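Below: one structure, written as structure tokens.
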Amino acid sequence: MNVLLTSVGRRNYLIDYFKEAVEPYGGKVFAVNSHENAPALYVADEFRLAPLIHSEDYIPFLLNFCLEKKIELIVPLLDNDLPVLAQAKRKFSEAGVYVLVADLNLAKLANDKFQTSLFLKQHGFDTVGNYCDLDSFAQAKDSGEIDFPVIIKPRWGMASLSVYLAKNEEELNFYFKKAKEEVLNSFLKFESQQDPGKEILIMNKIEGEEYMLDVINDLEGNYQLTIVNKKLLRKAGETEAVETIRHEALEQIGKKISAHFRHPLVMDIDVIVNKNGIYIIEFNPRFSGGYPFSHAAGIHLPKALLRWLKKETFDSGEFLTPRIGTRSMKGFVMIQANKFTN
């Protein structure tokens, strides 16, 4: 079985995980990205440079590449990719290609952090207050719903891009304007066109212990388990070290989210826990930057994915049982671009 990972960026570890998974099937792992300075490209068996995700050429390019290389599975790795591929999922299915993507509604909801917040409140989950313009923030502050310090970040953001802490009104105005300019001059501008003038979020900053959850379903959306990773170290907005633990309350939250969305395979959820409750910050229905921590603790989703896709039975304990107490940390691997596009 041949597998294609899209928007691979720096996720060379996922290339390696999937290489291990396809080996018994005699398969290859292909990768695409829109620019050549994506390290993971050079770890794949073969790669191509792709059109931009929002280009009208993107889906035809992927379809042709899948047919040429006999690819049966596409795994998107970037939030921007999810709605685009969700809309085209039927086209790929007709070509014999399974796309690991949630339905379009969930893909759009997860990308829009403001709508995510509204959804969570409507369904009884605790979350932080979010405001998508200065006027609504001022009204909320006057009514005592929010106060400084606050987090400023893109509404359709990812990877901690343009995220700032504001401790007072002056900093808020400065960073709000800065974040907006950065968003409108980056690839995030495409999603931000959905609601012009409301591209930036102002979010309550709350203190507490931070966790990442990997909520695992099978490909039919049936709940399997929730892996809880407690964050031990963060740098520049990225989690650098975790401990995989048991936490019944957080596992129950994962189970509730799973029951509502019935997403395929994996959803990443960021939460903060303090004496007042458990606050869900955001969720993403894809392999996230936190998945390697679960993998290091004994989870092997690529292997489970291929077996579910091929409708093969397997012992869930082999790939879906975390080693509780595992402490894992991110490191660096240098990649040399010593081969060219194929």
With contacts defined as alpha carbon pairs under 8 Å and 6 or more residues apart, what's the relative contact order of the chain in percent?
16
Tabulate in residue order the Karplus-calculated ³J(HN,Hα) for the range 103-117, using 6.51 cos²θ - 1.76 cosθ + 1.60 with θ = phi - 60°, rounded to whole Hz; enter x for Gly and Pro.
5, 4, 4, 5, 4, 5, 4, 5, 6, 8, 5, 6, 5, 4, 4
Binned at 10 Å starting from 0, the alpha-carbon pair-distance distribution of the range 129-204 in whole percents comes out as 21, 56, 22, 2
The extension gain from residue 133 to residue 64, computed as 0.36 nm times the residue separation minus the Cα-Cα distance, is 20.6 nm
For the chain: span of alpha carbons on each principal axis (Å, largest first)
62, 43, 38
Non-local amide H neighbours of residue 5 (under 5 Å, H modeled in plane, Pro and chain starts lacking H): which ones?
30, 31, 32, 75
Three principal axis lengths of the range 209-329 [C-alpha, angstrom, descending]
42, 30, 24
Modelled label reach - residue 174, point 7 Å along Cα→Cβ, the range 127-159 residues with backbone N closer than 15 Å:
150, 152
Which whole-Hz couplings ³J(HN,Hα) result when phi for each residue of the range 49-65 is put into the Karplus expression 6.51 cos²θ - 1.76 cosθ + 1.60, θ = phi - 60°, listed in order with x for Gly and Pro?
8, 9, x, 4, 3, 8, 6, 5, 8, 5, 5, x, 4, 5, 4, 5, 5
Rounding to the nearest 10 and keeping the result within 0 to 90°, find how far the Cα-based axis of helix 12-22 lies from the longest principal axis of the chain.
40
Across bins of 5 angstrom width beginning at 0, how are the C-alpha pair distances of the range 2-101 distributed, in whole percent?
3, 14, 27, 27, 20, 8, 1, 0
Rounded to 5, percent antiparallel among DSSP beta bridges of the chain:
70
What is the packing order of peptides 285-291, 40-46, 322-328, 196-202, taking the mean over residues of other C-beta atoms within 10 Å and listing the highest first?
285-291, 40-46, 196-202, 322-328
Determine how many Å³ per residue the convex hull of the Cα atoms of the range 1-60 encloses.
69
In debye, nearest 20, what is the charge dipole magnitude of the range 2-101 about its Cα centre with +1 on Lys and Arg Cβ and -1 on Asp and Glu Cβ, if you could check?
120
Ranked highest first by the average count of other Cβ atoms within 10 Å around their residues, in what order do 293-303, 265-275 fall?
293-303, 265-275
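Here, each number is a calculation from the coordinates, and none is a lab measurement. Please read these numbers as outputs of a predicted model, since none were measured by experiment. Cβ sites come from the backbone with ideal geometry, for glycine too, and all protein chains shown count toward neighbours.
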